[in-house]
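Heads up, the thing below is written out as structure tokens.
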Amino acid sequence: MTLDQSQAAPTSTPSADSAPGPARVPGVPVIEGGMLISTNPATGAVVGSFPVATPEDIAAAVARAREASAWWAGLGFAERRARLLRWTSLLANRIQGIAEVISSEGGKPVPEAIVEIFAAVEHASWAARNASRVLKLRKIRGALMLVEHAAYLEYQPFGVIGVIGPWNYPIFTPMGSIAYALAAGNAVVFKPSEYTPAVGKLIADTFAEVVPEHPVLQTVYGKGDVGHALTQSGVDKVAFTGSTATGKKIMAACAANLTPVLLECGGKDAMIVDADADLDAAAAAATWGGLTNAGQTCIGIERVYAVDSVHDAFVERLVANAGRLKVGVDEDSDIGPITMPAQIETIRRHIGDALDRGGRAAMGGMDAVKAPYVYPTILVDVPEDSAAVREETFGPTLTVTRVADADEAVRMANAIPYGLGGAVFGKRNAMRLARGLRSGMTSINSTLVFAGVPSLPFGGVGDSGIGRIHGADGLREFTRPKAITKRRMRSVLPAMSFERTPKQVELLKRVVRTVYGRKG
Ligand code: NDP
């Protein structure tokens, strides 16, 4: 399905009808005649074609963004908020058309795309409404030794942010950077994944409808080399969401110019099922958390650790739940195709390795891989050092491991370099276990929901990344803190001055002893 152009953007979003040539290899983007052509991963139908940016195009886009950023920052919080809320309202009103574009380009069922857009809109709205409160100039408490000086703090925009996005949530993930960067007063140059350029274009075109004066948000298209060129283009910060391997390359490339980076990378999130968990709820949440978007979710649950006393009953419920899901491209499908054909080999390798090494498929298995689809696969008794437990699978698969108790589950969950999200199902010890998981976010008695709460920060530890999007921390991520002091009276005890007298130094000594010395 293609975007209803009357609904979506003033400048046309290329459609299957307008794009050149016949259907291509499903889901494999190609460049022909300087145009990036994106296709539907299930059918190969062309979704659109987009001009590939050269390094000169990118430099020009960043130069335009730099001028636009001064204008945008000068609008102030109130006007930016008004424009951003107009944008969210426009996105909300066009949700069906946008969901159809996301579905046709990435393969996810339309209802899943609707949930994604809803979450993106909530985040953009929160960023718009809260930027002033979090970032504006405020007076803060000063220091005893410098009581004659008032202290002020504000968070100023960087200027131009380069945003590089993945394909799996093509509006939600970039919005976590774009909306927060814009609300903070930056201009943005956005490089969407080569798999989802139509969604990238839609994001910039709809924003231009509410901010037509200057190119505050631009999109540049192409493959990884275009992303690399953006990191070298003089942007003031790079906000990247994608794999850990690419994140490392981006950090290395940015080191050359000391360009700051925000890295939202991969994960291998674990869920713990404790002895006092509601097993029906846990199984339903594991099914959604592990299999939504065909498992192509950075915070998707990929490993479950269930305590011995409930393990078998949990697996039984999980298999029953997952067995109800429909795989395909029909309107009522729950699981669509694997977006990136190359990922199918990784999924196949992980399943095969797990089975070869003594694991058992409680559901699915090698036969579940029927490109471009992978049917739900539940693996049990898989060794902890196998790829299916340690590496990001990014498919609709789950391992379930039996543990003696929930503390052992925490130890095993924490034993890999990734640390993005995670979940705990249980009652009495749930908060303690959630706090013990080495990750940026954990949900208790649900899966993935922290991503949908705009006031909470989102980001990983270890191989899962650096920095935070969402929430107040996410707004500050796109700013530089600016500290200011202002003398408000003559110095009674001039500490930071050569004008102090020996008598005043004596007095300073007495003050510091009186105030701080007695507590030691
Ligand atoms: P990739 O790392 O392959 O690509 C991400 C983006 O980086 C794409 O736009 C890609 O362009 C671009 N890129 C590739 N190489 C370079 C380079 N050398 N320099 C600059 N940019 C480059 O990730 P995927 O798109 O495959 O996304 C899936 C991954 O993203 C998973 O690991 C998933 O866990 C992670 N992810 C993390 C999230 C988080 O918030 N932590 C959220 C969502 C996904 P192109 O596509 O054209 O190659």
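The values are calculated or read from the model by the stated rules, or taken from the named source; none is laboratory data. These figures come from a predicted structure and were not determined experimentally. Methodologically, a virtual Cβ is constructed for each residue, glycine included, from the backbone with ideal geometry; neighbour enumeration extends over all protein chains shown. These area figures cover heavy atoms from the full protein model, side chains too; ligands, DNA and RNA do not enter into them. Shrake-Rupley method; radii C 1.70, N 1.55, O 1.52, S 1.80 Å.
Miscellaneous remarks
- A cut-off of 5 Å between modelled amide H atoms, ignoring neighbours fewer than 5 places along the same chain, links residue 444 with 424.
- Residue among 145, 338, 84 farthest towards the positive dipole end of the chain, charges placed on Cβ: 145
- Geometric extent, Cα atoms of the range 449-520 - Rg, Dmax (angstrom): 22.3, 61
- Cα-based shape type of the chain, given that a ≥ b ≥ c are square roots of the gyration tensor eigenvalues and the cut on a/c is 1.5: oblate
- By average C-beta atoms within 10 angstrom, highest first, the peptides 306-313, 181-188: 181-188, 306-313
- Note on the chain: with neighbouring protein chains present and a 1.4 Å probe, carbon and sulfur make up 56 percent of its accessible heavy-atom surface.
- Rounded to whole Hz, the Karplus (6.51, -1.76, 1.60) HN-Hα couplings of the range 69-75, x for glycine and proline: 5, 5, 5, 5, 4, x, 5
- Less than 5 angstrom separates the built amide H of residue 219 from those of 190, all sequence-distant by 5 or more or on a different chain.
- Rolling a 1.4 Å probe over the heavy atoms of the protein chains gives the range 363-413 an accessible area of 37 Å² per residue.
- Computed over protein heavy atoms with a 1.4 Å probe, the accessible surface of the range 182-328 works out to 29 Å² per residue.
- DSSP beta bridges in the range 105-229 [antiparallel fraction, %, rounded to 5]: 25
- Helix-only [θ]222 nm of the chain, DSSP H runs n ≥ 4, -39500 (n - 2.57) each, per residue, nearest 500: -13000 deg cm²/dmol
- Extension gain, residue 66 to residue 514: 0.36 nm times the residue separation minus the Cα-Cα distance gives 156.1 nm.
- Heavy-atom accessible area ranking, 1.4 Å probe, most first, across 407, 280: 280, 407
- Taking amide H positions as modeled 1.01 Å from N, with prolines and chain starts lacking one, the residues under 5 Å from residue 36 and 5 or more places away or on another chain are 50, 52.
- The chymotrypsin sites (Phe, Trp or Tyr not before Pro) of the range 445-509 that meet both conditions, a loop assignment by DSSP and at most 16 other Cβ atoms within 10 Å of the site Cβ, are 498.
- Listed residues 194, 506 arranged by accessible area, highest first, probe 1.4 Å: 506, 194
- What the Cβ-Cβ distance of residue 31 and residue 147 gives, at R0 = 56 Å and to the nearest 0.05, is a FRET efficiency of 0.30.
- The modelled label-to-label distance between residue 118 and residue 275, using points 7 Å beyond Cα along the C-beta direction, is 3.8 nm.
- Sequence of 503, 136, 108 when ordered by accessible area, the most exposed leading, probe 1.4 angstrom: 503, 136, 108
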